[in-house]
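S.K.: This structure is in structure tokens; I'll ask about it shortly.
The values are calculated or read from the model by the stated rules, or taken from the named source; none is laboratory data. Since the model is a prediction, treat every value here as computed from it, not as a measurement. All Cβ positions, even for glycine, are placed from backbone atoms using ideal geometry, and neighbour counts span all protein chains on display. To get the accessible areas, we keep the full protein, side chains included, count just its heavy atoms, and leave off ligands, DNA and RNA. Shrake-Rupley method; radii C 1.70, N 1.55, O 1.52, S 1.80 Å.
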Amino acid sequence: MPANIVIGTQWGDEGKGKVIDILASRAQVVVRSQGGNNAGHTVVSGGQTYKLHLVPSGILYPDTMCLVGAGVVLDPKDFIGEIDEMERRGISTKNLKIDPRAHVVMPWHITLDGLSETFRGGNDIGTTKRGIGPTYMDKYERCGIRVCDLIDPVLLEQKARSTGELKNKIITAVYGGQAHDLDAVIAEYKAYGERLKPYVADVSVLTYEAYKAGKTILFEGAQATLLDIDFGTYPFVTSSHPLSGGVCVGTGVGPKMIDNIIGVAKAYTTRVGKGPFPTELFDETGETIRNKGGEFGTTTGRPRRTGWFDAVIVRHSVRVNGLDGLAINKLDTLSGIGDLKICTGYVKPDGTKLHDFPSSLEELAECAPIYEEFPGFDDDISACRKFEDLPETCRKYIERLEELCECKVVMVGVGPDRDQQIERQ
Ligand code: GDP
Ligand code: IMO
Ligand code: MG
């Protein structure tokens, strides 16, 4: 299997970082294709926890090439911070490369993300305020600054000054905010460009060369299907395509290269930020899942909203991503919480039943979940390493998820460590 994609099937934070770290042990190249430092991917190995935002989750393997593709939006300050942190912890970044076409998150993008969220008042999206939306807006407006500009002091000066003047006007005249000191920004970003120059290389070419050489490639998804700008819960989404289809566009490779697509889900559902969430739990069970599962955002620290597993959502993900297999993480979190529920479909106030995830947010907001109940389990499953080791209740739960989601479960997570994973294939 030379080229595999790992993507999120719910609203993010499914444990993609962990699955990628495990699969990266069998890959020579790991590539990120979209998103930015709104992502927070946790890798736990040998008692050490690594929280990665822009650096691909293959970084713990010294010989693995870690590539950041053209579709990523790169905050150079945060990226350099992550590189420094890795090096400080003894993790080499010598095989880390970033595509010159990737767009740069500038300080005005972060300012505008915050100002527009404040302006929306109660109708805010609940973004990570990392400037992700405004950076993608400039990319599509065709006035963005790319990594190839960042590393060229003359181009950077020209582009940052002209765009910066326009952005300052918007910040001050529209929002009444504080203008950025462009001289200071240009000086700061020139230094970032100088620092990042050795990391810049054509990721499309590197990926293709690796593919031709028969190397195993792993494409690392960030965010998730329901945060996709088209197939997610718009407008409560991110500004990129976290779908399997987005991988080719964001990396610069053809779809025929891809062999296997794995979708990651939790054994329940979580979401950070706003928007309808049909299986959300507002009771003690939801609180228990949050505390037991450590459901607090890796990037912003916000408490994650929690709810039962929603098979309508994951079935939608199986279809839009063409999934070959599912990795179900955090089954251990459900131990001891009492009987379990799985949402199999939705019902609307007029009694109409929905099998497929609706396109309209208003329709989703009025949907009530149809549940199937399952006996819970109290066993500590964190030491199980084979599917057969799991208690019967757990196996039945997973097998039912497979039926409802119409996809084989190929991995089951029973703890945060890279060793705490059951593989079925
Ligand atoms: P990502 O954004 O999809 O990479 O996921 P995050 O890292 O943001 O959040 C997943 C959290 O769950 C992290 O704290 C992981 O260490 C943890 N995790 C992943 N898999 C498991 C699992 O099977 N069991 C438990 N208990 N924790 C897990
Ligand atoms: P990983 O890769 C969970 C959410 C934000 C917000 C919406 C838009 O760790 O799974 P943005 O800053 O992207 O404009 O915010 O998207 N969001 C995530 N939620 N996990 C993520 O990434 C997310 N990245 C963005 O909370 O609701
Ligand atoms: Mg995360």
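S.K.: Kindly list the number of the only condition in (1) among the hydroxyl-bearing types (Ser, Thr, Tyr); (2) at pLDDT below 95; (3) in contact with a Cys (Cβ under 6 Å, 6 or more places away or on another chain) that fails for residue 300.
M.R.: (3)
S.K.: Considering only residues that are without any contact (Cβ under 8 Å) to a residue 40 or more places away in the chain, farther than 28 Å from residue 161 by Cβ and outside any loop (DSSP other than H, G, I, E, B), which ones fall in segment 83-129?
M.R.: Of everything in segment 83-129, those that are without any contact (Cβ under 8 Å) to a residue 40 or more places away in the chain, farther than 28 Å from residue 161 by Cβ and outside any loop (DSSP other than H, G, I, E, B) turn out to be 84, 85, 86, 87, 88, 120, 121, 122, 123.
S.K.: Only one of these is open to solvent by 40 Å² or more (accessible area, probe 1.4 Å), at pLDDT 95 or above and not in a helix (DSSP H, G or I): 179, 191. Name it.
M.R.: Testing whether each residue is open to solvent by 40 Å² or more (accessible area, probe 1.4 Å), at pLDDT 95 or above and not in a helix (DSSP H, G or I) leaves just 179.
S.K.: While we're on this one: For the subset of segment 1-33 comprising residues that are in contact with a helix residue (DSSP H, G or I) (Cβ under 8 Å, 6 or more places away or on another chain) and open to solvent by 10 Å² or more (accessible area, probe 1.4 Å), which member is modelled with the lowest pLDDT?
M.R.: Taking the candidates together, the pick is 2.
S.K.: With respect to residue 42, determine if the residue is modelled with pLDDT of 95 or more, under 19 Å from residue 213 (Cα atoms) and in contact with a helix residue (DSSP H, G or I) (Cβ under 9 Å, 6 or more places away or on another chain).
M.R.: no
S.K.: Looking at segment 1-18, is at least one residue free of Cβ contacts under 8 Å to residues at least 40 places away in the same chain and more than 14 Å from ligand 2 (Cβ to nearest atom)?
M.R.: Within segment 1-18, not a single residue is free of Cβ contacts under 8 Å to residues at least 40 places away in the same chain and more than 14 Å from ligand 2 (Cβ to nearest atom).
S.K.: What is the residue count in segment 86-123 for residues that are among the acidic types (Asp, Glu) and exposed (fewer than 15 other Cβ atoms within 10 Å of the Cβ)?
M.R.: So the answer is 1.
S.K.: Within segment 141-173, can you find the residues that are assigned to a helix (DSSP H, G or I) and in contact (Cβ under 8 Å) with a residue 40 or more places away in the chain?
M.R.: 147, 148, 149, 150, 153, 160, 163, 164, 167, 168, 170, 171
S.K.: Applying the selection to segment 299-314, what residues are open to solvent by 20 Å² or more (accessible area, probe 1.4 Å) and not hydroxyl-bearing (Ser, Thr, Tyr)? So that I can check it myself, show each step before the final result.
M.R.: Let us first name the residues in segment 299-314 that are open to solvent by 20 Å² or more (accessible area, probe 1.4 Å), namely 299-303, 305.
Once the filter is applied, which keeps residues that are open to solvent by 20 Å² or more (accessible area, probe 1.4 Å) and not hydroxyl-bearing (Ser, Thr, Tyr), segment 299-314 yields 301, 302, 303, 305.
S.K.: Output the residue which, of all residues in segment 255-277 that are of a type in the set (D, E, K, R) and surrounded by fewer than 20 Cβ atoms within 10 Å (Cβ to Cβ), is farthest from the chain's Cα centre (by Cα). Can you show your working first?
M.R.: Residues of segment 255-277 that are of a type in the set (D, E, K, R), as a first pass: 256, 259, 266, 271, 274.
Right, trim to surrounded by fewer than 20 Cβ atoms within 10 Å (Cβ to Cβ) and you get 256, 259, 274.
On the way: 256: 23, 259: 21, 274: 16 Å.
Step by step, filter segment 255-277, then rank; the result is 256.
S.K.: So which of 135, 128 ends up being in contact with a strand residue (DSSP E or B) (Cβ under 7 Å, 6 or more places away or on another chain) and within 14 Å of ligand 2 (Cβ to nearest atom)? Outline the logic, then answer.
M.R.: Working: 128 fails: in contact with a strand residue (DSSP E or B) (Cβ under 7 Å, 6 or more places away or on another chain).
It is 135.
S.K.: If you don't mind, there's one more thing I want to ask. Among the numbered criteria (1) surrounded by 21 or more Cβ atoms within 10 Å (Cβ to Cβ); (2) more than 16 Å from ligand 2 (Cβ to nearest atom), which one does residue 328 miss?
M.R.: (2)
S.K.: Hey, can you tell me all the residues within segment 207-233 that are assigned to a helix (DSSP H, G or I), surrounded by 20 or more Cβ atoms within 10 Å (Cβ to Cβ) and away from ligand 1 (no atom under 16 Å from the Cβ)?
M.R.: Across segment 207-233, the qualifying residues are 207, 210.
S.K.: I'd like to verify a number: residues in segment 103-123 that are within 20 Å of the chain's Cα centre (by Cα) and either farther than 20 Å from residue 185 by Cα or acidic (Asp, Glu) (or both), how many?
M.R.: Summing the residues that are within 20 Å of the chain's Cα centre (by Cα) and either farther than 20 Å from residue 185 by Cα or acidic (Asp, Glu) (or both) in segment 103-123 gives 1.
S.K.: Separate question: Exactly one condition in (1) at positive phi; (2) in contact with a Ser or Thr (Cβ under 8 Å, 6 or more places away or on another chain); (3) within 16 Å of ligand 2 (Cβ to nearest atom) is not met by residue 338; state its number.
M.R.: Only one criterion is unmet by residue 338, namely (3).
S.K.: Next question, about the same structure. Inspect all residues belonging to segment 247-254 and state whether any of them is open to solvent by less than 20 Å² (accessible area, probe 1.4 Å), of a type outside the set (A, V, I, L, M), in contact (Cβ under 8 Å) with a residue 12 or more places away in the chain and within 13 Å of ligand 2 (Cβ to nearest atom).
M.R.: No, every residue in segment 247-254 fails to be open to solvent by less than 20 Å² (accessible area, probe 1.4 Å), of a type outside the set (A, V, I, L, M), in contact (Cβ under 8 Å) with a residue 12 or more places away in the chain and within 13 Å of ligand 2 (Cβ to nearest atom).
S.K.: Which ones in segment 34-59 are small (Gly, Ala, Ser), within 11 Å of ligand 3 (Cβ to nearest atom) and surrounded by 23 or more Cβ atoms within 10 Å (Cβ to Cβ)?
M.R.: Our first condition is that a residue be small (Gly, Ala, Ser); within segment 34-59, this holds for 35-36, 39-40, 45-47, 57-58.
Next, only the ones that are within 11 Å of ligand 3 (Cβ to nearest atom) stay: 35, 39-40, 57.
Passing the criteria: 35, 39, 57.
S.K.: Restricting to strands (runs of 3 or more DSSP E) lying wholly in segment 246-322: which have 3 or more residues that are within 14 Å of ligand 1 (Cβ to nearest atom) and of a type outside the set (Ser, Thr, Tyr)?
M.R.: Filter on segment 246-322 gives 260-266.
S.K.: Give segment 124-133 a look and list any residue that's among the charged types (D, E, K, R) and surrounded by fewer than 22 Cβ atoms within 10 Å (Cβ to Cβ), or say none.
M.R.: 124, 129, listed by residue number.
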